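First the structure, in the form of structure tokens, and then the observations on it.
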Amino acid sequence: MKYTIEQISNGEDELILRYQSLTKEVERILSFLNTSQRKLIGLRGNTQVVIDISQILYIESVDRKNFVYTVNDVFQIEYSLTQMERILNTVNYFRCSKSMIINIDKIMELKSLASNRIDATLCNGEHIIISRTYASEFRKRLKGGDDDE
């Protein structure tokens, strides 16, 4: 895919996406554009809080409850992990285990482990294990590959 970037000194910012067919790559770009401004509602205790999607480090399911983790906070959300996958359906988020979705943009370091697992260190220093079931798909995602193309 070819792209052109041009900085302008005045006028309104504009993004034009031209494509011949709706490929997976184009769908990811469209999805990213649609979700980059999205926010979620989460609970901290009894208080509802607006969560900026770009601030999410990971989402985890624990004892049938789902939580969003940011650098400074943990929020309970009403969405299932499957629903969150649909909401966050961009190249930035990845289902890394049966009970977790990780924000790829927040990964600082990767380390291969035994049994084809991956240890991902996040920007806050926390370690997340990418299970062997999802590890090969994760590697393909990082290389920009897609099974459907």
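Selection over segment 51-72 of residues that are hydrophobic (A, V, I, L, M, F, W, C), assigned to a strand (DSSP E or B), at pLDDT 95 or above and buried (at least 18 other Cβ atoms within 10 Å of the Cβ) gives a count of 2.
Inspection of segment 118-138 identifies no residue that is closer than 24 Å to Val26 by Cβ and assigned to a strand (DSSP E or B).
What is the number of the single condition among (1) closer than 22 Å to Lys140 by Cα; (2) exposed (fewer than 14 other Cβ atoms within 10 Å of the Cβ); (3) at pLDDT below 95; (4) of a type in the set (Gly, Ala, Ser) that Ser31 does not meet? All conditions pass for Ser31, except number (2). Could you check Gln76 against (1) touching a Ser or Thr at 6+ places or on another chain (Cβ under 6 Å); (2) outside any loop (DSSP other than H, G, I, E, B) and say which number it fails? Only one criterion is unmet by Gln76, namely (1).
Name the residue that is surrounded by the fewest Cβ atoms within 10 Å (Cβ to Cβ), counting only residues in segment 85-125 that are of a type in the set (Asp, Glu) and more than 13 Å from the chain's Cα centre (by Cα). Spell out how you get there, then give the answer.
Just the residues of segment 85-125 that are of a type in the set (Asp, Glu), to begin with: 85, 105, 109, 119.
The next check asks that each one be more than 13 Å from the chain's Cα centre (by Cα); those that pass are 109, 119.
Numbers: Glu109: 11, Asp119: 13.
Here the residue is Glu109.
Taking the conditions (1) open to solvent by less than 70 Å² (accessible area, probe 1.4 Å); (2) within 30 Å of Asn116 (Cα to Cα); (3) out of contact with any Phe, Trp or Tyr (no Cβ under 7 Å at 6 or more places or on another chain) in turn, Leu40 satisfies each one other than (2). Scanning segment 1-14 for residues that are more than 22 Å from Gly144 (Cα to Cα) and open to solvent by 100 Å² or more (accessible area, probe 1.4 Å) returns Glu6, Gln7, Ser9, Asn10, Glu12, Asp13, Glu14. Just one of the listed residues (Asp105, Asp13) is charged (D, E, K, R) and closer than 28 Å to Arg139 by Cα, namely Asp105.
The values are calculated or read from the model by the stated rules, or taken from the named source; none is laboratory data. None of the values given here were measured: they were computed from a predicted structure. A quick note on method: Cβ atoms are made from the backbone with ideal geometry, for glycine too, and the neighbour counts reach across all protein chains shown. These area figures cover heavy atoms from the full protein model, side chains too; ligands, DNA and RNA do not enter into them. Shrake-Rupley method; radii C 1.70, N 1.55, O 1.52, S 1.80 Å.
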